[in-house]
Amino acid sequence: MTIKRRLFFSNIRIVFISFFAFGIAGFIVRALMFGPRPRDANAMERLSDSIGHDLQRTIWFLTFALFIVLISVINNVLTYRMTKRIVQPLEPLNEGVRQIHDNNFAFRIAYNGNDEFTPVCEAFNEMAAQLEISTSQQKKDEANRRELIAGISHDLRTPLTSIKGYIEGLETGVASTAEMQKKYLAIIKNKTADMEHIIEQLFLFSKLDMDEYPLPLRPVDISLAVSDMIEDSLSEYAARGLAIQFAGMPENAIVSADVLMLRNVIINILENSVRYKAQEHGQMEISAAVVQDSVFLRLADNGPGVPADMLPNLFDVFYRTDPSRSTLGSGLGLAICAKIIERMGGSIHAEASASGGLAIVMQMPVLKGEAP
């Protein structure tokens, strides 16, 4: 029952109780002054005639005074009960405020009433849930930033140390022949290119993370786009020991995508497969399927694979827990892939492939009635 309804019925009770209390007060005063009320009507009339006007006024005064006392007591009782019903729900709210103040965002108010406090408590619980999610995400972002700084420092320090060593070799005459000097310079150039790639990846990730990198999305036939991206690179990857095969691609599966960024994602995944392949000749199988309103693009290799409990962490920045996939690279590739796919309205996850390797699966919503 709502508080308004309770107050309404409480007021009605007070009105009826007032009349009842007035009658009770009159009966008590007369009984105290004249004894039990005569049952005979004639005797009652004789009693009334025998009472003087002053005595009648006294009776009325005492009746009214007793009535006031009774009404005050009853009103205090009803007011106490009503106040208790109003104040009682405020106690868990006050406790909730204290818990939020103490950063306990997991606290929830358990209120079983059905009145005006019900939506207030529900709103409080919703606010606490949002704060819990926000705080958790903030802690995760803070940890990612620290990991990002540590990872970038590590990845830049390695080529810098190498470059410094080879420059000292040139300065001190360790590279005494023209052939050795040429070799040293080539290594310095490669290490510089590695550093440049790391910085570019960091810049791209930062822009995507801050939502400051515009993606010109347009309708794209995912099958044709992926085929065009891979076709020119088949021989290059084959020469590097990665055979790429297509295993079923849907027709007219139109998605909203930035073709250049989608190519960036696929190249990142292919480069990882080349870098971490467990044998001289690796394989990558690319397939796609439309399920309900989404297209699922799957790139599966036959590499060393990743333990199941580590799969969800592959898209974190600088995740290097898995020893089989932690020796090379900037550690930003898959994190960038995740950001790009999310910006395109999709999602990405990793799973084990049928051959025991790693499969990266991208889900993107299908555009209805659109043409590329």
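FYI, it's all coordinate maths here, none of it is from the lab. What you see is a predicted model, and the numbers here were worked out from it, not measured in a lab. As a convention, Cβ positions derive from the backbone with ideal geometry for all residues, glycine included, and neighbour counts pool all protein chains shown.
Couple of notes before you dig in:
- Evaluated over the Cα positions of the range 148-209, the convex hull gives a direction-averaged projected area, one quarter of its surface, of 4.2 nm².
- On the beta carbon distance between Ser355 and Leu215, with R0 = 35 Å, the FRET formula returns roughly 0.60.
- Sorting Thr192, Thr177 from the fewest to the most surrounding beta carbons within 10 angstrom yields Thr177, Thr192.
- As a calculated quantity, the FRET efficiency between Ser153 and His281 at R0 = 41 Å, using C-beta atoms, amounts to about 0.70.
- Principal axis dimensions, the range 218-365 - Cα atoms, whole angstrom, descending: 39, 31, 26
- Gyration tensor (alpha-carbon) shape descriptor, the range 232-291, a/c threshold 1.5: prolate
- Sorted by Cβ neighbour density within 10 Å, fewest at the top, the residues Arg157, Arg240, Arg298: Arg157, Arg240, Arg298
- Put simply, when 180-187, 357-364 are sorted by average Cβ atoms within 10 angstrom per residue, most first, you get 357-364, 180-187.
- Cα shape, the range 89-135, gyration tensor, a/c 1.5 rule: oblate
- Cβ-to-Cβ counts within 10 Å put Phe203, Phe246, Phe296 in ascending order as Phe203, Phe246, Phe296, the fewest first.
- The range 165-287: C-alpha gyration tensor shape, a/c 1.5 cut-off, then a/b vs b/c: oblate
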